[in-house]
Amino acid sequence: AALERARGRVAEINGEAERRARRESFGLGALPPPEEFNCPLTLEQMRDPVVASDGNSYERAAIERVLRGDGLSPLTRQPLERTLFPNRALKRRIEEYEERDLQIAAMVVAATGERGEASGSAEPAPKRSRTRRSSQVT
């Protein structure tokens, strides 16, 4: 069981590194994620969000450290129960957000690449002039 968890974590880390590299390649590395995706303890984007008994979401490893320590909610200072629940909805939203960002960036890169190839430069094509038709009343 421990070996399977370790293999799963290694695969997760490799997937994160690949996603991070793709984001960097599109220039999205400095684009901060929505605040709701960040753990209130680590201030970093959550990978394994869980809900604690105080009703707040945390990165699993961060809140587990709190539970091993004083066991008080970092936000409410009330005692926490030891049970954590995976926040699957939040995890899915984080994954969808990242994937959508990558898809949009890929489309922009593809569109600017196509436009650059067609015109021979990276500059946008000149706008077409519109001629105004005048209507004559007779």
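Can you tell me which residue is most open to solvent (accessible area, probe 1.4 Å) among those in segment 31-62 that are closer than 19 Å to Arg5 by Cα and outside any loop (DSSP other than H, G, I, E, B)? Only one residue fits best here, namely Arg60.
Kindly indicate whether Arg77 is modelled with pLDDT of 75 or more and either surrounded by 13 or more Cβ atoms within 10 Å (Cβ to Cβ) or within 16 Å of Gln45 (Cβ to Cβ) (or both). No.
Number of residues in segment 95-120 that are open to solvent by less than 70 Å² (accessible area, probe 1.4 Å) and either of a type in the set (Ser, Thr, Tyr) or at pLDDT 85 or above (or both) equals 3. Determine whether Arg92 is open to solvent by 50 Å² or more (accessible area, probe 1.4 Å) and over 15 Å from the mean Cα position of the chain (by Cα). Taking the combined requirement at face value, the residue does not satisfy it.
The values are calculated or read from the model by the stated rules, or taken from the named source; none is laboratory data. Note that the coordinates shown come from a computational prediction; the quantities given were computed from them, not determined experimentally. Every residue, glycine among them, receives a Cβ derived from its backbone with ideal geometry; neighbour counts consider all protein chains shown. We work out accessible area using only protein heavy atoms, side chains counted, and drop any ligands, DNA or RNA first. Shrake-Rupley method; radii C 1.70, N 1.55, O 1.52, S 1.80 Å.
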